[in-house]
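The values are calculated or read from the model by the stated rules, or taken from the named source; none is laboratory data. Predicted model, so just to flag it, every value in this text is computed and none were measured. Positions of Cβ are generated from backbone atoms using ideal geometry, with glycine treated the same way; all protein chains shown enter the neighbour counts. These accessible areas exclude ligands, DNA and RNA; they are computed on the full protein's heavy atoms, side chains included. Shrake-Rupley method; radii C 1.70, N 1.55, O 1.52, S 1.80 Å.
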Amino acid sequence: MRSDIQEILLDEEAIEKRVSQLGAKISEDYFGKHPILIGILKGSAVFMADLIRKITIPIEIDFLKASSYGSAAQSSGVVKLEEDLSIDVKGRNIILVEDIVDTGNTLKYLLGRFESLGATEVKVCSLLNKPARREQILSPDYIGFEIPNAFVVGYGLDYAQKYRNLPYIGILKEEIYQ
Ligand code: PRP
Ligand code: MN
Ligand code: MG
């Protein structure tokens, strides 16, 4: 797997340090607010697991599953909701947890949905932000790292469902997805 990676963009140490900072910031900002963190599967699974253990206030968690890339390297633009929430978000403070915001299509779709479900407030925490290919006017409220326009995998992020288990975030060699 390592031979498919052109360059390590963020190593385990850098990720751990930043995730701790995000957890501390969320703990501060949401003191007394009892937020629900909602992990957007599958990509956010690894980040979510690490992030919630760095949060020191009472929270709830839930997950939903949305996908738009399938096994392609580019967004189809059509977001498919594959599994829905299991708890009521009406009147609650929500933090959507994403691994990456790229075109913004996934987030745009989800934000509209949470609004119609009657959430009081919806904010977004994304480990990675890639503004270069944004198609929607939106930006995550909490960002781990701004990244350049490269195809990245690892720490939950996949190409054709592979590489999610890499402990770091790496740039995939172009020959792999071309
Ligand atoms: C990826 C990623 C984000 C979304 C970001 O999910 O995990 O959810 O795309 O891209 P966007 O801003 O262009 O919408 P994907 O559809 O690959 O599903 P997965 O999380 O199961 O890998
Ligand atoms: Mn995803
Ligand atoms: Mg994916």
Flag for A160 being in contact with a Ser or Thr (Cβ under 6 Å, 6 or more places away or on another chain), small (G, A, S) and surrounded by fewer than 16 Cβ atoms within 10 Å (Cβ to Cβ):
yes
I need the strands (runs of 3 or more DSSP E) fully contained in the range 82-176, keeping only those with at least 1 residues that are small (G, A, S) and within 24 Å of L9 (Cβ to Cβ).
121-129, 142-146, 169-172
From the list E16, E28, E7, E12, which residue is more than 16 Å from ligand 2 (Cβ to nearest atom), in contact with a Phe, Trp or Tyr (Cβ under 8 Å, 6 or more places away or on another chain) and not basic (K, R)?
E12
Could you run through the range 73-101 and say how many residues are open to solvent by less than 70 Å² (accessible area, probe 1.4 Å), more than 13 Å from ligand 2 (Cβ to nearest atom), among the aliphatic types (A, V, I, L, M) and more than 30 Å from S27 (Cα to Cα)?
1
Restricting to the range 85-101, and then to whatever is out of contact with any helix residue (DSSP H, G or I) (no Cβ under 6 Å at 6 or more places or on another chain) and closer than 22 Å to A160 by Cα, can you tell me which residue is nearest to ligand 3 (Cβ to nearest atom)?
I100
